[in-house]
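Peer 1: First, the structure itself, so that you have it in front of you.
The values are calculated or read from the model by the stated rules, or taken from the named source; none is laboratory data. The structure displayed is predicted, hence computed values, not measured ones. No Cβ is skipped: glycine too gets one built from the backbone with ideal geometry, and neighbour counts run over all protein chains shown. Note: areas computed on protein heavy atoms with side chains; ligands, DNA, RNA excluded. Shrake-Rupley method; radii C 1.70, N 1.55, O 1.52, S 1.80 Å.
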Amino acid sequence: MEGKYDPRNKLNDLTGKEWLKLTKSFWVSEKCADDKAAFAHPAPFLIKDIEKLISFFTKKGMRVLDPFMGSGTTGVAAYNLERVGIGVDLNEKYRLLAIERYSKKGMIEDDYEYIVGDSTKDLHLISNIDYIVTSPPYHNILKNNSKGLRNDNSHKGYRNGSRLGVEYYSDCPSDLGNQDTYGDFLNLLRLVMEQCYLILNDNKYCSIVISDFTVDKKEVCVQSDIVSLMESIGFEFVGTIVLLQDNKPLYPFGYPFAFKINHMHQNIINFRKRVLV
Ligand SMILES: C[S@@+](CC[C@H](N)C(=O)[O-])C[C@H]1O[C@@H](n2cnc3c(N)ncnc32)[C@H](O)[C@@H]1O
């Protein structure tokens, strides 16, 4: 342990020094050997990135929800830090993938919950959540076959479009990745986040990990739309951490005519359910 723990700290188990490091507005995304087990999923988190978030926003024993649990990375990170990970995903195939990862780590049923369900309507089955961390499917980006999105860079350990031949998550109409318009995507995300607000304990935090992206070839400031959406539900915006992914390939999208950005980071957009006592 580096530094001193302040007994007034009700948020996490970190010392002052450890706390300060994690308040930087950028982090460099970090891979580890255990990430590989998730690569049958098109867009998994990296375990170390999520461990940092969980270590900042919870104490040991607390309950962490991911309403788009996919391959179960949030569950693995929570377990590594002695928290309980609770996940929901539409897709049974991803629950099985997560359980395979969990059992390899020696996790037993008491160590996690994984519900196959629809987070636009099923989150009332869950209660008493201390932190939410999640990454929604990006509109219909996995179905977008523009150059660069579907290259398999899984060997590099970075989420970068589809992997191992998996092109998109499901054919379900309430899959956020299947929406025809960006507006429909935001409407479904709102339904999920309204329920998240209800089951999150007072004064606790929620982090949404998402990058800006293009819709119909037009750059969209997704971050700003998500902040507006979350504020309209009642969440307080508390700052964005830029998660750098500096070894993704660069594509000459606009060259030599116009500026077209290469997204080399995710935004970790953080919110608090602020309830004054
Ligand atoms: C970006 S991925 C999350 C990946 C996850 N963070 C991981 O580490 O594997 C988004 C997930 O949301 C799921 N999903 C999409 N719509 C959903 C919905 N309405 N309810 C629950 N899960 C949904 C997809 O099946 C997909 O696995």
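Peer 1: Looking at this structure, is Lys104 away from the ligand (no atom under 13 Å from the Cβ) and either at pLDDT below 95 or under 17 Å from the mean Cα position of the chain (by Cα) (or both)?
Peer 2: No.
Peer 1: Continuing with the same structure: Could you give every pair whose Cβ atoms fall below 9 Å, whose first residue belongs to the stretch 113-124 and is free of Cβ contacts under 8 Å to residues at least 60 places away in the same chain and near the ligand (Cβ under 7 Å from one of its atoms), and whose second residue is outside any strand (DSSP E or B) and of a type in the set (Gly, Ala, Ser), counting only separations of at least 6 or pairs across chains?
Peer 2: If the second residue must be outside any strand (DSSP E or B) and of a type in the set (Gly, Ala, Ser), the pairs left are Asp118/Ser174.
Peer 1: Within the stretch 85-101, track down each residue that is open to solvent by 30 Å² or more (accessible area, probe 1.4 Å), hydrophobic (A, V, I, L, M, F, W, C) and more than 10 Å from the ligand (Cβ to nearest atom).
Peer 2: Answer for the stretch 85-101, where residues must be open to solvent by 30 Å² or more (accessible area, probe 1.4 Å), hydrophobic (A, V, I, L, M, F, W, C) and more than 10 Å from the ligand (Cβ to nearest atom): Leu96, Ile99.
Peer 1: Please enumerate the residues belonging to the stretch 30-58 that are surrounded by 17 or more Cβ atoms within 10 Å (Cβ to Cβ), away from the ligand (no atom under 13 Å from the Cβ) and not β-branched (Val, Ile, Thr).
Peer 2: Matches in the stretch 30-58: Lys52, Ser55, Phe56, Phe57.
Peer 1: Is it true that Ser119 is of a type outside the set (D, E, K, R), open to solvent by 70 Å² or more (accessible area, probe 1.4 Å) and either under 19 Å from the mean Cα position of the chain (by Cα) or within 17 Å of Asp34 (Cβ to Cβ) (or both)?
Peer 2: Answer is no for this residue.
Peer 1: With the condition kept exactly as written, say whether any residue in the stretch 68-75 is in a helix (DSSP H, G or I), at pLDDT 95 or above and out of contact with any Pro (no Cβ under 8 Å at 6 or more places or on another chain).
Peer 2: The answer is yes, given that some residue of the stretch 68-75 is in a helix (DSSP H, G or I), at pLDDT 95 or above and out of contact with any Pro (no Cβ under 8 Å at 6 or more places or on another chain).
Peer 1: When you go through (1) free of Cβ contacts under 8 Å to residues at least 12 places away in the same chain; (2) closer than 20 Å to Arg83 by Cα one by one for Asp6, which number turns out not to apply?
Peer 2: For Asp6, the exception is condition (2).
Peer 1: If a residue must be open to solvent by 20 Å² or more (accessible area, probe 1.4 Å), touching a His at 6+ places or on another chain (Cβ under 8 Å) and at pLDDT 95 or above, how many such residues does the stretch 200-230 contain?
Peer 2: The total comes to 1.
Peer 1: Then there's this: Considering only the stretch 263-273, I want to know if a residue exists there that is in a loop (DSSP other than H, G, I, E, B) and either over 18 Å from the mean Cα position of the chain (by Cα) or within 22 Å of Thr58 (Cβ to Cβ) (or both).
Peer 2: yes
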